[in-house]
């Protein structure tokens with residue numbers, strides 16, 4: 001059962017608390033949608049200064065909207081288009097301090113100013129991406145990226 005906690009201690013300790021919570025939430029749960037929904041809800045609860053967090057799933061041709069927290073979003077994103085499509089196509093994390101300066105940025109929410117996208121890859125195959133938007137410029141840093149990459153790796157083991 002999930003219990004809310006007050007995240008205390010160093011940023012690294014807080015990140016470890018969230019990873020532990022995720023492991024508990026997805027433990028022995030085989031349903032992909034349920035696990036992605038809980039992961040997005042957990043991140044929405046934990047992360048400050050964000051306005052959207054969720055997943056896009058790769059259907060073999062393009063990214064399709066999956067479980068998320070936030071305002072309604074774009075449903076389909078071609079590989080290579082915008083921050084999400086770039087991350088998926090290049091299979092690498094992409095952190096953008098100012099989305100308005102990113103060539104081909106897809107503006108699903110005009111309030112978003114920065115973004116981080118982490119690819120979800122299992123056994124060398126693209127499953128989808130984790131996308132997080134913030135109304136603040138330069139909201140995400142290297143520590144956020146390392147934490148989110150670790151979280152996605154834990155999640156991927158159960159997908």
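Just one of the numbered conditions (1) within 20 Å of residue 139 (Cα to Cα); (2) surrounded by fewer than 16 Cβ atoms within 10 Å (Cβ to Cβ); (3) in contact (Cβ under 8 Å) with a residue 40 or more places away in the chain is not true of residue 101: (3). Reported count of residues in the range 114-125, each being out of contact with any helix residue (DSSP H, G or I) (no Cβ under 6 Å at 6 or more places or on another chain), surrounded by fewer than 23 Cβ atoms within 10 Å (Cβ to Cβ) and either modelled with pLDDT under 95 or not in a loop (DSSP other than H, G, I, E, B) (or both), is 2. For the range 81-98, a residue qualifies if it is within 12 Å of residue 52 (Cβ to Cβ) and surrounded by fewer than 18 Cβ atoms within 10 Å (Cβ to Cβ), but none of them does.
It is to be established whether one or more residues within the range 2-9 are over 15 Å from the mean Cα position of the chain (by Cα), without any contact (Cβ under 8 Å) to a residue 60 or more places away in the chain and on the phi > 0 side of the Ramachandran plot. The answer is yes; a qualifying residue exists. For the structure I just gave you, tell me whether residue 54 is in contact (Cβ under 8 Å) with a residue 12 or more places away in the chain, in a helix (DSSP H, G or I) and surrounded by 15 or more Cβ atoms within 10 Å (Cβ to Cβ). Against the criterion (in contact (Cβ under 8 Å) with a residue 12 or more places away in the chain, in a helix (DSSP H, G or I) and surrounded by 15 or more Cβ atoms within 10 Å (Cβ to Cβ)), residue 54 does not qualify. Note on the range 16-51: residues that are surrounded by fewer than 20 Cβ atoms within 10 Å (Cβ to Cβ) and not in a helix (DSSP H, G or I) total 9.
The values are calculated or read from the model by the stated rules, or taken from the named source; none is laboratory data. Fair warning: this is a prediction, and the values are worked out from it, not measured in the lab. Using ideal geometry, Cβ is built from the backbone for each residue, glycine included, and neighbour counts are taken over all protein chains shown.
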